[in-house]
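Everything on this sheet refers to the single structure shown next.
Coordinate-derived values only; no laboratory data. Predicted model, so just to flag it, every value in this text is computed and none were measured. Virtual Cβ from ideal backbone geometry, glycine too; neighbours counted across all protein chains shown.
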Protein chains: 2
Amino acid sequence: MTNLAPQSRNEIGIETAISVLKQRFGERLQTGDSIREQHGHTTTRIANQPPDAVVFVKSADEVSEVMRVASEHGAPVIPFGTGTSLEGHVNAPNGGISVDVSQMDQILVVHAEDLDVVVQPGVTRMALNEYLRDTGLFFPIDPGANASLGGMAATGASGTNAVRYGTMKDNVLSLEAVLPSGEVICTGRRARKSSAGYDLTRLLVGSEGTLGLITELTLKLQGIPEAISSAHCTFPDIETACNAVIATIQMGIPVARIELLDAESVAAMNAYSKLSLPISPLLLLEFHGSTPGVSEQAKTFGEIAEDIGGSGFSWTDSPEERTRLWQARHDIYWALVAANPGREGVASDVCVPISKLSEAVTRAQSRAKELGLTAPIVGHVGDGNFHASVFIDTSSPAEMASCDAYLNWLSELAVELDGTISGEHGIGQGKINSLVKEMGGSVDVMKAIKRAIDPDNIMNPGKVVLFD
Amino acid sequence: MTNLAPQSRNEIGIETAISVLKQRFGERLQTGDSIREQHGHTTTRIANQPPDAVVFVKSADEVSEVMRVASEHGAPVIPFGTGTSLEGHVNAPNGGISVDVSQMDQILVVHAEDLDVVVQPGVTRMALNEYLRDTGLFFPIDPGANASLGGMAATGASGTNAVRYGTMKDNVLSLEAVLPSGEVICTGRRARKSSAGYDLTRLLVGSEGTLGLITELTLKLQGIPEAISSAHCTFPDIETACNAVIATIQMGIPVARIELLDAESVAAMNAYSKLSLPISPLLLLEFHGSTPGVSEQAKTFGEIAEDIGGSGFSWTDSPEERTRLWQARHDIYWALVAANPGREGVASDVCVPISKLSEAVTRAQSRAKELGLTAPIVGHVGDGNFHASVFIDTSSPAEMASCDAYLNWLSELAVELDGTISGEHGIGQGKINSLVKEMGGSVDVMKAIKRAIDPDNIMNPGKVVLFD
């Protein structure tokens with residue numbers, strides 16, 4: 001589909017590396033078709049390109065061994081967490097060895113006084129929060145899927161509450177990573193801030209496994225808020241809803257989540273989650289703070305929303321009511337699948353300045369209509385980030401072509417509106433051709449960095465930037 | 001003093017580049033002794049190493065011209081904002097051309113709806129906030145000095161309110177920069193978040209002019225809070241004060257500033273600013289939010305502080321009282337100078353996890369005493385960042401040696417306690433030898449990046465990392 005053509009495939013090197021590693025890892029190195037396929041891309045329109053082998057590692061030292069062998073023989077190494085990424089990050093276009101870190105799943109130490117935790121990369125965000133429950137702390141980043149924390153760092157993930165708590169870039173204090181040479185580096189320490197040299201932590205976050213393989217993460221934690229309230233409000237059109245978002249952010253209300261659903265998404269959510277919201281754009285919010293604080297925040301938002309033209313404003317501090325609505329929001333993908341039988345949802349992800357959000361969303365809706373596509377929109381709109389999910393019959397070449405045309409157009413729209421082609425899904429294979437539209441000559445700097453750190457291009461080749 | 005020995009000095013290349021640039025820039029290129037000396041390091045114990053010429057640029061195109069000429073002839077280029085950095089960042093150990101951006105002082109566009117602003121690098125933080133006053137917005141980062149925003153980005157500055165608003169790393173949305181080749185790149189757009197490729201914005205922030213020269217910045221802004229309150233509380237010892245900081249952060253009180261002054265600093269502040277605070281460790285706080293919010297925050301802090309053993313807690317929402325105490329805090333350097341006549345203050349800057357803060361501060365006090373040094377401590381303790389100012393007679397080799405020993409010991413202490421050798425002052429020349437103690441093999445990755453982007457080492461050589 002939109003995969004890049006395989007580049008040079010180093011058949012002999014890959015075979016040799018696998019046979020050396022088989023000796024060392026025994027049953028922990030697998031080459032069966034099914035497991036290889038599971039370790040290629042499985043989530044969106046991008047075709048599956050399985051690795052030649054999968055090795056299940058248990059420590060940074062083992063990763064280092066794998067990397068040394070792979071380097072020696074020029075075999076690609078593809079880091080693998082849970083495989084929930086959306087842009088072909090775990091595919092093996094040139095073949096090679098998938099390094100599965102799911103067994104590196106230890107939470108090493110919680111520093112409650114410092115609000116940080118040290119974890120291995122295979123720990124998932126839900127496992128971490130389950131573990132932390134009794135400490136009064138939590139890890140806020142929530143990309144939807146129960147992704148591994150190593151994968152979330154590698155792709156620069158964020159999600160619904162980035163507007164309050166930031167993205168992975170803001171929440172990783174330091175990383176341990178194995179370089180292509182096999183050397184293990186540590187990018188920082190546990191201080192909350194540092195200006196000690198180039199910020200390698202933030203260079204590795206979002207580098208999608210193309211510079212090194214993350215083997216340990218030190219993450220910031222947050223105190224579980226004393227109180228949580230939620231609210232929702234219906235708007236006559238997208239523009240009014242976006243104006244309410246802008247006013248809310250400008251007022252400095254520290255919303256924890258502020259989600260937009262377009263009318264089509266609301267209709268699907270009503271049907272799937274048995275709600276009866278008006279079929280019109282909806283803002284769904286969550287507030288974190290002290291008990292009086294969250295009540296004040298919710299009411300202030302309500303006043304803003306109704307002044308601007310919203311209706312049906314409602315807020316609650318009841319956990320049951322809150323959970324009901326947010327569960328419906330979390331199930332939106334399945335609601336849209338149910339509303340579009342026989343079709344598959346293709347994810348998109350752009351982010352624009354919030355003053356451009358209304359224009360971006362309404363033009364995206366019009367463009368989908370012109371192309372005959374169903375592409376309902378939901379967004380983490382406090383950041384200007386939104387997703388149109390294109391529902392198509394993937395066996396129809398015409399629909400596939402329309403979908404590709406729409407996605408490319410969407411990237412161009414984001415750039416035209418001074419935004420980004422990827423708010424949180426990364427570049428992977430899927431957006432590699434669009435990156436230069438946004439970044440221009442900066443792509444050459446990225447390539448220079450890639451070449452400097454991974455001169456033989458063994459780390460997740462074919463992702464983010466291509467070797468010339 | 002602690003300068004590194006000049007490396008290879010390319011006499012002919014520098015002369016040729018200057019004569020070419022003189023033709024082009026005329027009176028805007030200066031070679032007088034006084035102006036050259038002003039453009040070398042002037043602020044701390046590090047000796048002044050003036051550039052061979054200073055060129056006053058007005059645009060990215062002019063910077064690009066300078067860089068092409070310098071590159072062609074192998075002449076070093078040293079970016080210069082206001083010269084308020086503390087680790088020798090603007091020195092010219094190999095000679096070369098200081099590029100002064102103070103005339104690039106335009107605020108290009110305020111996007112009030114998006115809470116961002118686009119500025120040239122020579123705009124100072126105070127000039128920006130003066131300009132923004134009527135918009136209801138402000139730029140929060142406050143490193144003390146009225147530094148240029150380009151310089152603040154280059155050094156990864158922060159200051160008293162980083163605990164609430166983050167550092168420059170968190171507040172730069174994108175940068176335009178000129179590479180050593182003369183190419184102008186843009187590292188991102190105005191979206192609030194992005195996962196589009198390697199994060200070059202955060203690579204350039206804190207790179208101290210060693211990878212490129214910043215010619216334009218897009219910065220996040222904040223709404224001016226509806227209300228501000230301040231508070232202070234005295235503690236019997238450093239440990240109790242630090243425990244109050246930890247409890248405050250853990251409770252999730254969104255303090256805007258939380259500053260620690262040791263007893264010595266309080267005594268100097270009393271004398272200089274005509275206050276009568278008890279001569280004992282002091283926490284000084286500021287809260288930003290809604291009117292009921294800041295009152296609630298201040299009172300909650302007061303309860304915590306008194307529970308833990310603080311005394312004399314007092315809070316106010318009166319602007320006059322607040323300004324009086326914070327002005328005294330801002331004047332602390334001058335208060336310490338007045339308390340130490342005939343001596344010069346040498347800045348230090350380490351940052352540790354807050355659970356280690358009490359140990360770090362008390363050990364730093366003991367060590368200073370052992371070495372016979374006066375080194376009062378103030379700190380932005382919500383982040384674990386503190387500064388011991390060593391007051392010495394710089395004409396005494398013995399005192400200079402003790403000071404050096406103390407500063408090196410302090411860097412080692414920070415590393416031992418899982419902290420960083422630089423919370424906010426950067427590496428420059430002054431900490432280049434300590435960086436490897438903190439970063440180990442990561443320094444080689446930094447060198448590889450430096451070589452990839454600046455192969456001829458013309459960008460601010462002798463800072464952050466050295467060419468092997």
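So the values come out like this:
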| quantity | calculated |
| --- | --- |
| Estimated D of segment A:107-223 in µm² per second, where Rh is the Kirkwood radius over Cα pairs and Stokes-Einstein applies at 25 °C, 0.890 mPa s | 174 µm²/s |
| Surrounding net charge for residue A:459, when Lys and Arg each add one and Asp and Glu each subtract one, Cβ distance under 12 Å | 0 |
| Charge dipole magnitude, Cβ of K and R +1, D and E -1 - chain A, Cα centre, debye nearest 20 | 340 debye |
| ³J(HN,Hα) computed for each position of segment A:346-355 - Karplus, 6.51 cos²θ - 1.76 cosθ + 1.60, integer Hz, glycine/proline x | 10, 7, 10, 6, 10, 9, 10, x, 5, 5 |
| Label-point separation, residue A:61 to residue B:331 (7 Å along Cα→Cβ), nm | 6.0 nm |
| Under-16-angstrom lysine pairs by C-alpha in chain B, whenever the two are 8 or more apart or on separate chains | 9 |
| Label point distance in nm, residue B:416-residue A:11, each placed 7 Å from Cα along Cα→Cβ | 6.0 nm |
| Neighbourhood net charge (9 Å Cβ-Cβ; Lys/Arg +1, Asp/Glu -1) for residue A:103 | 0 |
| Segment A:107-223 - charge dipole about Cα centre, Lys and Arg +1 at Cβ, Asp and Glu -1, debye rounded to 20 | 280 debye |
| Helix runs (DSSP H) in chain A reaching 27 Å along axis by Cα, Kyte-Doolittle at least -1.0 | A:397-416 |
| Cβ-vector label at 7 Å, residue B:275, separations to other copies in nm | 5.1 |
| Point-charge dipole on Cβ atoms (K/R +1, D/E -1) for segment A:119-188, about Cα centre, debye to 20 | 180 debye |
| Over the protein assembly as shown: helical MRE at 222 nm, DSSP H runs n ≥ 4 each giving -39500 (n - 2.57), nearest 500 | -11000 deg cm²/dmol |
| Chain B: Rg to Rh, with Rh as the Kirkwood radius over Cα pairs | 0.97 |
| Cβ-based net charge around residue A:131, under 13 Å, with every Lys or Arg adding one and every Asp or Glu removing one | -1 |
| Burial ordering of B:186, B:233, B:242, B:351, fewest other beta-carbon atoms within 10 Å first | B:186, B:233, B:242, B:351 |
| Over segment B:340-439, relative contact order from alpha-carbon pairs under 8 Å, at least 6 apart, % | 35 percent |
| Inter-copy spacing of residue B:436 label points, which lie 7 Å from Cα along Cα→Cβ, given in nm from shortest upward | 4.0 |
| Per-copy distances of the residue B:320 label point, shortest first, in nm (7 angstrom along Cα→Cβ) | 5.5 |
